[in-house]
1. Points 7 angstrom from Cα along the Cβ direction at B:LYS81 and B:ASN122: gap in nanometres?
2. What is the mean projected area of the alpha carbon convex hull for segment B:15-79, to one decimal in square nanometres?
3. Spelling out what I want: for every residue of segment A:109-117, take phi, set θ = phi - 60°, compute 6.51 cos²θ - 1.76 cosθ + 1.60 (Karplus), and round to whole Hz; glycine and proline get x.
4. Under 25 °C and 0.890 mPa s, how fast does segment A:78-171 diffuse according to Stokes-Einstein, given a Kirkwood radius computed over C-alpha pairs? Answer in µm²/s, whole number.
5. Treat every Asp and Glu Cβ in the protein assembly as shown as -1 and every Lys and Arg Cβ as +1, leave all other atoms uncharged, and give the resulting dipole magnitude about the Cα centre to the nearest 20 debye.
6. Which is the longest run of chain A containing none of the GluC sites (Glu not before Pro) found in DSSP loop states (not H, G, I, E, B) with at most 12 other C-beta atoms within 10 Å?
7. When the helix-only estimate is applied to chain B (DSSP H runs of n ≥ 4, each -39,500 (n - 2.57), divided by the residue count), what is the mean residue ellipticity at 222 nm, nearest 500 deg cm²/dmol?
8. Per-residue mean of other chain beta-carbon atoms within 10 angstrom of the beta-carbon, peptide B:51-60?
2 protein chains.
Amino acid sequence: MDFSSKLIERAVNEFAQLPGVGKKTALRFVLHMLKKEASEVENFSEAILRLKNEICFCKNCFNISDKELCDICSNPTRDAKIICVVQDIRDVMAIENTGLFRGHYHILGGIISPMDGIGPANLTVEPLVKKIEATGVQEIIMALPATMEGETTNFYIYKKIAPFNIAVSTIARGIAIGDELEYADEVTLGRSIQFRIPYSNQILK
Amino acid sequence: MDFSSKLIERAVNEFAQLPGVGKKTALRFVLHMLKKEASEVENFSEAILRLKNEICFCKNCFNISDKELCDICSNPTRDAKIICVVQDIRDVMAIENTGLFRGHYHILGGIISPMDGIGPANLTVEPLVKKIEATGVQEIIMALPATMEGETTNFYIYKKIAPFNIAVSTIARGIAIGDELEYADEVTLGRSIQFRIPYSNQILK
C-alpha cells in the first residue's frame, strides 16, 4: 500500500500490529483519528502511555491493578479461603460479571502449551503453591478452558497441590443453558451424563 | 464490563471509540499493549500524536500530506490537466495501486448525502471549480461510489463545471473482471450492455 505521507504510513503500521487488525482496518482507524479533535487524540495517546507506565500486577493474585493489591484482594468481604484459578484477566471479568463468586482469584498468565513454548515455568504456578502453603486456603476451583492445554494445566496444578490435602474442583462442563441436546457435540453430552448433577442440588435456595 | 483498574477502563474506552471496535476487542488491544515493551508502546502513542499534530492537507488537491503540496501534486511528471475526483484518500491509494492513472486528484472529503447532513458546502466543490477556472484543466474523471449519493454528487459537479466546456467522464461501471454473468445483478448487467465498450478500444496497446 502506498501512503501519501510518512506520518500516515507510520501510524498505519503501528495500528496494524494490534491483534486482528490489517492494513486496511488500520487505515480506517487512522482516518478516524484525523477527523477527531486534537484534544481527543491527545487523550487517546495519553491513556495508552499511562496504561503501560502506571499499571502493575497485584502481588497476591497477579490481576492487573494500579495498586499493589487489586480491588478484589483488598476487599475484606471476599473469602480468601477459596481461590479460583484462571488463565487471564478476561476470565476474571467474565466470572465477576456472573456475581456468583465471592472468593479470590489467581491469574496464571496462560496455560501449559508446549506447541507455543509455554511451560509451567512461564506461569504463576509457583506463587500459587506458595500461597496455599503459607495461608489457610481451603478450596481451589480450576476455571481453565476445556481444551487439551487446559486439561494438562489442570492436571499439573492438581499434582502440585495434592500434598496439601485441600478440595480441588473444576468448573462444571456440560450443556449450556438454552442449548438443544441435538446440537451438542458427543463429548460434551457424554460428559454431561457421566458427571450428572443431583437435582436436589440445583433447586434455587 | 467491570475492570480491575481505572487505567484499563480508560484505555478500553478510548480504543472502543475506533470504528468497528467494541469493548471486547478494545480489551484485547489493551492486553496486547500491556504485553509489549514500554518503548514500543511509546512509539505507538507518539505516532498517533504526531499524526494529528503534523499532518496537513495538500492545498491543491486536499490529499493528506506532511507538506504544503502532496507528493502527487508536486511531481512534475504527472499531468495536471487531468483531474480524478474522489471521495477520500483511500480511493486515491486504490487508484494509485493500479498504476494506470498519471494525472492529479481532487479529494472531495465525502459525497452529497442529505440523510447524513452532508451538502455541497461540506465538500471541496468550490475549490475544484476555482481550480478549473484558473488553470487549463482539460478532463475531469469522476471516480465516486456507484450509489445514489455518488450519482447525485456526479450530477451536481457536472452541472457546476458544464460552463467550462471540458471533458467529464465517470469511471466505467460493469461486470468485474473474473465475474460470472449469472451472478451479476440486473442493473449492472443492464448498464454493461447499454454502455458496451468497442472491442477495438480494449486491445492492449
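Laboratory data are not the source of any read-out in this text; all were calculated from the coordinates shown. Since the model is a prediction, treat every value here as computed from it, not as a measurement. Because the Cβ atoms are built from the backbone with ideal geometry, glycine has one as well, and the counts that use them run over all protein chains shown.
1. Distance between label points: 3.7 nm.
2. Working: hull surface 26.1 nm².
Reported value for the Cα convex hull: 6.5 nm².
3. x, x, 9, 5, 8, x, 4, 9, x
4. The calculation lands on 183 µm²/s.
5. On the way: 46 positive and 52 negative charges, 87 e Å.
Roughly 420 debye for the protein assembly as shown.
6. Values: sites that count: A:GLU37, A:GLU68, A:GLU180.
Between exposed loop sites, the widest span is A:69-179.
7. Working: 8 runs with 87 residues, N = 205.
Estimated from H runs of four or more residues: -13000 deg cm²/dmol.
8. On the way: counts 12, 14, 4, 3, 8, 2, 1, 2, 0, 0.
Mean number of neighbouring Cβ atoms from other chains: 5.
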